[in-house]
Amino acid sequence: MSATRRPSRVRALILATVLTLTPPTACSGGVAKSETDTGDIPFKPRIAGGGGTIVPLTDSASYDPADASNDGRWVAYVDYVGEETKLFLTDTKTGKVRASNVTVTDYPIAISGDGSCVVFTRPSKAGDAAWLWELASDKKMRIGPATGSSEPSVSNDCQTVTFRAFKKGLLLLDRKTHRLSTVAPENVLVMYSQISGNGQWAVYRELDSGRVALWSRATNTTTYLPFNGLANLDISTDGNTVLINGIGKRAAVYDRLTKKVTLSPRPMKAYAVSPDGSTVFGVRHIARSVTTDEDDREQIERWDIRRNQITVLTPVESYISGWQVAAVSNSQVVFSGRDLTLGELGSKRIWRWQAKD
């Protein structure tokens with residue numbers, strides 16, 4: 001994504017058409033809340049596709065991905081504090097924001113489905129390491145080797161965590177027994193790894209071969225799926241639905257039970273599958289219009305797998321450019337994005353699309 005964007009000639013028209021909303025509670029220590037947030041350009045619900053509305057959940061955010069609990073109440077995200085990126089948690093029910101007071105790297109973060117913990121990668125002199133933030137106790141603990149571990153993924157109950165380990169492949173930690181299991185051996189360089197919500201399945205890509213592997217915890221066996229050279233992976237709570245997406249290609253879902261592959265109706269950059277495995281969320285790039293001089297943007301999309309139908313959730317009229325998605329459910333989705341009405345400074349936020357009741 002480009003670091004700067006030119007102002008649009010249609011900005012005034014868009015601002016005149018959106019609705020008014022009382023500003024949410026103040027957020028983290030990132031970019032300071034601007035005068036326009038409560039003046040000329042207040043927070044507003046935006047025009048949304050798919051029969052829903054879009055509202056901001058934070059005042060600011062970094063470009064790093066956010067993640068949300070399965071009910072959408074708890075959202076973990078990264079924001080700037082000075083020159084550092086810090087981890088925060090927002091309660092979307094109360095609007096309160098909680099700071100972890102830890103610096104994180106640009107690896108993806110993840111929150112457990114029940115909202116009880118957040119896993120992240122923390123920098124150190126010895127090397128990046130996978131950590132866990134237990135929210136009830138506010139305890140932060142290192143769960144991966146300090147000599148190099150990253151990209152943790154966590155089960156719904158926060159009891160099972162996978163992470164990449166330097167020269168040790170992909171490992172699984174059982175927090176109840178404190179036992180480490182090998183998912184991918186040390187000679188395999190892993191990317192895009194995800195654990196299922198029930199903690200029984202892990203999917204990952206082998207960087208060297210490009211193959212996608214599905215690992216069973218119950219049998220300690222690995223099955224290679226019929227895909228290669230991919231960009232994003234995700235897996236449903238029960239491990240039955242695996243999302244696979246390549247760059248500039250149609251997204252695909254693999255049904256573990258039937259071994260059937262379903263392709264999206266058209267190309268989309270898919271990021272996440274809903275916990276029940278019925279819906280995929282992704283992004284579609286819209287190039288800058290020469291006629292209207294509008295900026296480039298990315299639209300958030302929802303793919304209903306059973307109907308094989310794609311719905312745009314952030315139409316052009318919403319004036320939001322979204323680029324990272326954390327699937328929550330069929331009725332709501334959390335994503336990172338820019339508010340193009342505010343220009344560059346302070347425009348990066350975490351948003352939620354919510355279906356109407």
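Just so you know, all these numbers are worked out from the coordinates, no wet-lab data involved. Source: prediction; values computed, not measured. Every residue, glycine as well, gets a Cβ built from its backbone with ideal geometry; the counts of neighbours run over all protein chains shown.
For the range 170-313, dividing the convex hull volume of the Cα atoms by the residue count gives 130 Å³ per residue.
The stretch between ASN101 and VAL55, if pulled fully straight at 0.36 nm per residue, gains 13.9 nm over its current Cα-Cα span. Listed here are the pairs LYS86/LYS139; LYS125/LYS168; LYS86/LYS168; LYS139/LYS167; LYS249/LYS269; which of them are more than 18 Å apart at the Cα? Long pairs (Cα-Cα over 18 Å): LYS125/LYS168; LYS86/LYS168; LYS139/LYS167.
Since only VAL242, GLY229, ASN187 are under comparison, the one whose Cα sits farthest along the positive direction of the charge dipole of the range 148-270, derived from C-beta charges on Lys, Arg, Asp and Glu, is GLY229. The LYS259 and ASP157 beta-carbon pair, evaluated with R₀ = 35 Å, returns a calculated FRET efficiency of approximately 0.80. How large is Rg/Rh for the range 60-162, to two decimals, with Cα atoms and a Kirkwood Rh? Reported Rg/Rh (Cα atoms, Kirkwood Rh): 0.94.
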